[in-house]
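**Student:** Could you have a look at this structure, given as structure tokens, before my questions?
The values are calculated or read from the model by the stated rules, or taken from the named source; none is laboratory data. Note that the coordinates shown come from a computational prediction; the quantities given were computed from them, not determined experimentally. Note that we place each Cβ from the backbone using ideal geometry, even for glycine, and neighbour counts take in every protein chain shown. Accessible surface is based on the protein model in full, side chains and every heavy atom, while ligands, DNA and RNA are left aside. Shrake-Rupley method; radii C 1.70, N 1.55, O 1.52, S 1.80 Å.
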Amino acid sequence: MKLYTKLCSLLLAAVLAACMPAALRGIGRQLYPCRYDGVIESYAAEYEMDPLLIYTFVRTESGFDPEAVSSVGARGLMQMTEETFEWIKSKIAPDEPLTFDDLFDPACAVRFGAYYLRLCLDRYGGDVATAAAAYHSGWGTVDSLLNHEDYTGDGKTLPSFPYSRMNHYVEKILRCYKRYTELYGPSI
């Protein structure tokens, strides 16, 4: 009877060990979802970006809530302010009858947010951390930090972030992007 119990325990342990990675990946994918995939994949392709990076920003900015509004009035899935919306509209949709309220539409929010993220990546040499800092705090803030030797070694990227909110945001983006990459890898 003892041998039977031990064999059953070993068999159960082996089954659990075999199933655990898939179960953990399933839980991870629930915590790091790929909602609005058609819209996100489309704009990722259009702006030549990793869709996992857009999922990262959407999850971080709004938790995939298209009706999200921040304390400073930023709206939509990618939390854009009215000033940034108007500036981007002048670049990619000057003749379209879009209003700031249209950012509550996931397609509009991702279109504008992904475009702005692409601009941030281009401006800062593809460095995700520096681009995230700019997405969060604006180009003026990041450019001013890049002009101080205390904050940058190369004048193009920020290896550290002196403001606690900026630092927290960048760390959150980097952790989230890493997790998305671990969970979905090149399969997307």
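**Student:** Hey, any hits in the stretch 44-63 for a residue that's among the aromatic types (Phe, Trp, Tyr) and touching a Pro at 6+ places or on another chain (Cβ under 7 Å)? Write out each step before concluding.
**Tutor:** Taking the stretch 44-63 first, the residues among the aromatic types (Phe, Trp, Tyr) are 47, 55, 57.
When the remaining residues are screened for being touching a Pro at 6+ places or on another chain (Cβ under 7 Å), the result is none.
No, the stretch 44-63 has no match at all.
**Student:** Let me ask something else about it. Assess whether residue 31 counts as being open to solvent by 10 Å² or more (accessible area, probe 1.4 Å), among the hydrophobic types (A, V, I, L, M, F, W, C), out of contact with any Pro (no Cβ under 8 Å at 6 or more places or on another chain) and modelled with pLDDT under 95. Walk me through it before giving the result.
**Tutor:** Working: open to solvent by 10 Å² or more (accessible area, probe 1.4 Å): yes; among the hydrophobic types (A, V, I, L, M, F, W, C): yes; out of contact with any Pro (no Cβ under 8 Å at 6 or more places or on another chain): yes; modelled with pLDDT under 95: yes.
So residue 31 fits the description; yes.
**Student:** Now a separate question. Mind listing whichever residues of the stretch 74-83 are free of Cβ contacts under 8 Å to residues at least 40 places away in the same chain, assigned to a loop (DSSP other than H, G, I, E, B) and of a type outside the set (S, T, N, Q)?
**Tutor:** Of everything in the stretch 74-83, those that are free of Cβ contacts under 8 Å to residues at least 40 places away in the same chain, assigned to a loop (DSSP other than H, G, I, E, B) and of a type outside the set (S, T, N, Q) turn out to be 74, 76, 78.
**Student:** Just to confirm my filter: which helices (runs of 4 or more DSSP H) fall fully inside the stretch 94-188 and include at least 3 residues that are open to solvent by 50 Å² or more (accessible area, probe 1.4 Å) and in contact (Cβ under 8 Å) with a residue 12 or more places away in the chain? Don't jump to the end; show me each part of the working.
**Tutor:** Details: elements: 106-123, 128-137, 139-146, 164-184.
Correct list: 164-184.
**Student:** Sticking with this structure for a sec: Restricting attention to the stretch 43-73, and to residues there that are free of Cβ contacts under 8 Å to residues at least 12 places away in the same chain and of a type in the set (A, V, I, L, M, F, W, C), which single residue is surrounded by the fewest Cβ atoms within 10 Å (Cβ to Cβ)?
**Tutor:** Across the stretch 43-73, the extreme among qualifying residues is 72.
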